[in-house]
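Asks: Quick one: this structure, given as structure tokens, is what I'll be asking you about.
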Amino acid sequence: MSEADAEKNRWLIALSAIAIHLSIGSIYAYSVYQNPLQDLNGWSISDVTFAFTVAIFVLGISAAFLGKYVEKYGPRKAGLAAAVMFGGGTILAGVAIQAGSYIGFLVTYGVLGGAGLGLGYIAPVSTLVEWFPDRRGMATGMAVMGFGAGALITGPVAQGLMTSLSIPMNFYILGAGYFLAMALGASYIQKPPAGWVPEGMDPDELEDTNSKGVTVSTDLAQLTANEAIKTKRFWLVWLALFINVSAGIMLLSVASNMTQEITGASAALAASIVGVIGVFNGAGRILWASASDYLGRTATYGTFFGIQVVAFALMPNISNVWVFAAFMFAIVTCYGGGFACLPAYLGDLFGTKELGAIHGYSLTAWALAGVAGPTLVSEIVERTGSYSLSFYIVAATLLVGVGCMLLLRFDINSIKTENQDTAGQPALD
């Protein structure tokens, strides 16, 4: 590594990571394309939603299994590859739309763009951990918050571009913007030298200090990835993540036109609400992750499910656009918070020996949820002409999530009882 790389500003490294995540986080504004794509090419709601589903599925699979690529080639090359795939995929999606090719749209936006999403998601995170050994949660939280807040920019910008220009032109302009932002961010990212610590910090402090002043729980066990996936608690966490993501992503996939239909809001107002969703998605990642250090991860996930059961059960009967939006915002904070709390939760349960691999395995729940949530809502709307049934089904599924947390608490306490040497340590939940 060159001296120049060693002297890089770690805060600019963080901003570079945010630039990448803000770009790929634009996927959360996808619902603003629902009605325009249906009107332009005659694609059904399930057709348009399926492209989003493919992108999220490929995102999850890519994020889970491309970690070795990032480690082999480094975050810079991985980030540049992500820029080419996501920015290029978006531009080529515009070509497919202009040609009226639905298959082309699936391949470009869903597969190529989705692979760029996954690679871009994981490329900067491990690097940030190394640049911020004293503030790991804050640093990675900033990047993941950028992913959640991407819709804040893309929602209103895309709506404005589609109003004044053609839909394909919208994809050309945004795709070029994504490529530039991601390429610039990736070009600055570099791992620090081995053993590097921030100026003025004693390396020995890193093993004993939590920068937030929060008591660190003793890990329940130190397992390899192959050992972890053979445990009941891994699959309970996996199922809880699947349910939480399915609920949130169902909402995100149809947020704009769902708001218009249920509340009578205009397309412009609904697009603005979609943009604000990004704020809550991003803020939820920081706030819930911080709260979980005090509440415990199991209790925090239980809170996610409790809030969402109430919200999904009530929303079909709410006609006031601002009350409806408030419930959406609450759900989206739980959605983002679930991602932010996940690595810490897995560390609590399985230790840090192979945390990256365990995290990767768990993200397959994200990939499958990206199929389940949007497919559920699109099929129900096409068959019934209403969103109501999908809300009630999701509310019932979220109750299963509550049950997962109760079983996890019981499992954790049982293991602690067996390990009497840890009886005096702080509880995980």
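The values are calculated or read from the model by the stated rules, or taken from the named source; none is laboratory data. In this text the structure is predicted, and so the values were computed from the model without any measurement. Note that each Cβ is placed from the backbone with ideal geometry, even for glycine, and that neighbours are counted across all protein chains shown. We work out accessible area using only protein heavy atoms, side chains counted, and drop any ligands, DNA or RNA first. Shrake-Rupley method; radii C 1.70, N 1.55, O 1.52, S 1.80 Å.
Asks: Exactly one condition in (1) outside any helix (DSSP H, G or I); (2) at pLDDT 85 or above is false for Ala372; which is it?
Replies: Here Ala372 clears every test but (1).
Asks: Exactly one of these conditions fails for Gly336: (1) more than 18 Å from Gly278 (Cα to Cα); (2) crowded, with 24+ Cβ neighbours inside 10 Å; (3) out of contact with any Ser or Thr (no Cβ under 9 Å at 6 or more places or on another chain). Give me its number.
Replies: In the conditions (1) more than 18 Å from Gly278 (Cα to Cα); (2) crowded, with 24+ Cβ neighbours inside 10 Å; (3) out of contact with any Ser or Thr (no Cβ under 9 Å at 6 or more places or on another chain), Gly336 misses (1) alone.
Asks: Follow-up. Quick one: would you say Ser290 is farther than 20 Å from Thr397 by Cβ, part of a helix (DSSP H, G or I) and of a type in the set (Ser, Thr, Tyr)?
Replies: So Ser290 passes the test.
Asks: Further question: How many of the residues making up the stretch 215-257 are at pLDDT 85 or above, part of a helix (DSSP H, G or I) and hydrophobic (A, V, I, L, M, F, W, C)?
Replies: Result for the stretch 215-257: 16.
Asks: Applying the selection to the stretch 389-413, what residues are open to solvent by 40 Å² or more (accessible area, probe 1.4 Å) and either of a type in the set (Gly, Ala, Ser) or farther than 22 Å from Leu349 by Cα (or both)?
Replies: Listed by number, the residues that qualify are Leu389, Tyr392, Ile393, Ala396, Thr397, Leu399.
Asks: OK, next. Please state which one of Thr127, Thr108, Thr90, Thr53 is within 15 Å of the chain's Cα centre (by Cα) and among the polar types (S, T, N, Q).
Replies: One residue alone meets the criteria, Thr53.
Asks: Return a yes/no flag: does the stretch 18-41 have any residue that is over 14 Å from the mean Cα position of the chain (by Cα), closer than 25 Å to Val274 by Cβ and free of Cβ contacts under 8 Å to residues at least 24 places away in the same chain.
Replies: Yes: the stretch 18-41 contains one or more residues that are over 14 Å from the mean Cα position of the chain (by Cα), closer than 25 Å to Val274 by Cβ and free of Cβ contacts under 8 Å to residues at least 24 places away in the same chain.
Asks: Take the residues in the stretch 258-288 that are within 13 Å of the chain's Cα centre (by Cα) and more than 16 Å from Thr154 (Cβ to Cβ); name whichever of them is modelled with the lowest pLDDT.
Replies: Ile286
Asks: Let me ask something else about it. Among the candidates Ala29, Ala19, Ala14, Ala82, single out the residue that is in a helix (DSSP H, G or I), over 18 Å from Ala186 (Cα atoms) and either open to solvent by less than 30 Å² (accessible area, probe 1.4 Å) or out of contact with any Leu (no Cβ under 6 Å at 6 or more places or on another chain) (or both).
Replies: Ala29
Asks: Taking the condition over 21 Å from Asn257 (Cβ atoms), assigned to a helix (DSSP H, G or I) and touching a Ser or Thr at 6+ places or on another chain (Cβ under 7 Å), does Gly104 pass?
Replies: For Gly104, the condition - over 21 Å from Asn257 (Cβ atoms), assigned to a helix (DSSP H, G or I) and touching a Ser or Thr at 6+ places or on another chain (Cβ under 7 Å) - is not met.
Asks: Next up: I want to confirm something. Restricting to the stretch 66-77 and keeping residues that are surrounded by fewer than 24 Cβ atoms within 10 Å (Cβ to Cβ) and modelled with pLDDT of 80 or more, which single residue is nearest to Val107 (Cα to Cα)?
Replies: Only one residue fits best here, namely Lys77.
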